[in-house]
2 protein chains.
Amino acid sequence: MHSKSYGVGMESFTIDDAARETGCSKHTLRYYEREGLLAPVAKAANGHRRYSEDDVGRIRFLQLLRATGMPIREMKEFVALTHAGDHTIADRVAVLAHYREALLARMAADREHLQRLEHKLDYYRGALAAADAVPEDITGNVRA
Amino acid sequence: MHSKSYGVGMESFTIDDAARETGCSKHTLRYYEREGLLAPVAKAANGHRRYSEDDVGRIRFLQLLRATGMPIREMKEFVALTHAGDHTIADRVAVLAHYREALLARMAADREHLQRLEHKLDYYRGALAAADAVPEDITGNVRA
DNA sequence: GTAGGACTTCGAGTGCACTCGAAGTCAAGA
DNA sequence: TCTTGACTTCGAGTGCACTCGAAGTCCTAC
């Protein structure tokens, strides 16, 4: 899973490893770093990125934030809060609580959409069954 | 709610009515029509759009498709199927069933995201409680 | 008759989140 | 030595779904 080991217990991930591990593309990983969502990642002697376990964990957290619907712009602000120290924890809670609400609202909306979709499906399936029962012409012949 | 009535039981909606009724912007309503998602809407003598009840219903259905995650491109194909006649109903069912699955998958993912988010919130709230319990310096003074 | 306001068309612009490509560097293998 | 291939940076390009703005028309009220 990890590409190389640099000393006992000091595992690190190449960008390929990190991409495979997180499901982000390599492009996206560099993009996140460029945008400051991820602190500059350690580099090997040849200049290649070496992601730590913690880096991978942070990437996964970023993915969670995205998945809750948080835009990149606000993720930057959130990351800034985490860098600013423990006195920003209340602020962070406020932000996460906000996205928790938004997520709950989306989930409720999705449930309704699912219902409406299934209703439509039922309607179509009913039409399909009716078409099956009654031949499409009046000759009484079954279809080819 | 409706702007005008043109004969008994023949209600119609101005674009403003339709926008208010569906939550789409007027821009979006014209855009959908331009893209062929909506058949050309009737026009009053002055060239202004007059949406029928059916039009509004179709718009709501389009919104449902969008909400299930269907891109505009595929919505066009779906609309084309509905215009092609009843023999496309099986195809339409296949499409809707596909988006039903996708929606279910998203809902499951969202449930997991919600859990992870709440876990993080719990963590932060714990840190907050701990910080409240222990003064931020070692003088033993309570904070201002 | 003319000013205001809401509509029309149409093409262009926006915001978002990637996604890509060119040009360069570096290390390993034939 | 030379090719291969994976990485690097950086700016530019993409795709999506709107969203806007300019220019024109038409009706109403003053």
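None of the figures in this text is laboratory data; all of them are computed from the coordinates on show. Please read all numbers here as calculations on a predicted model, not as lab measurements. Cβ: placed from backbone, ideal geometry, glycine included. Neighbour counts: every protein chain shown.
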With one decimal in nm and the nearest listed first, the spacings from A:L121 to its own position in the other copies, using label points 7 Å along Cα-to-Cβ, are 3.0
Partner shielding of B:107-120, as the mean number of partner chain Cβ atoms within 10 Å, equals 5
For A:H27, inter-copy label-point distances (7 Å, Cα→Cβ), nm, shortest first, read 2.7
With one decimal in nm and the nearest listed first, the spacings from B:H98 to its own position in the other copies, using label points 7 Å along Cα-to-Cβ, are 3.7
Inter-part gap, Cα centre of region B:23-78 to Cα centre of region A:96-129, in whole angstrom, is 20 Å
Note to self, the protein assembly as shown gives a 222 nm [θ] from helices alone (DSSP H runs n ≥ 4, -39500 (n - 2.57) apiece, / all residues, nearest 500) of -21000 deg cm²/dmol
Spelling it out for A:R50: with amide H atoms placed in the peptide plane at 1.01 Å from N, the residues 5 or more places away or on another chain with amide H under 5 Å from its amide H are A:A42, A:K43, A:A44
Surpassing 26 Å at the alpha-carbon level, of the pairs A:K120/B:K76; A:K43/B:K120; B:K43/B:K76; A:K120/B:K43, are A:K43/B:K120; A:K120/B:K43
Within chain A, excluding any GluC sites (Glu not before Pro) found in a DSSP loop (not H, G, I, E or B) and having at most 15 other Cβ atoms within 10 Å, the longest uninterrupted segment runs A:36-135
Under the rule rounded for a/c under 1.5, else prolate if a/b exceeds b/c, else oblate, using alpha carbon gyration tensor axes a ≥ b ≥ c, chain A is classed as oblate
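Taking R0 as 51 Å, what FRET efficiency do you get between B:R73 and B:A127 from their Cβ-Cβ distance, rounded to the nearest 0.05? Let's see the in-between values first.
Working: r = 46 Å, r/R0 = 0.91.
Calculated transfer efficiency: 0.65.
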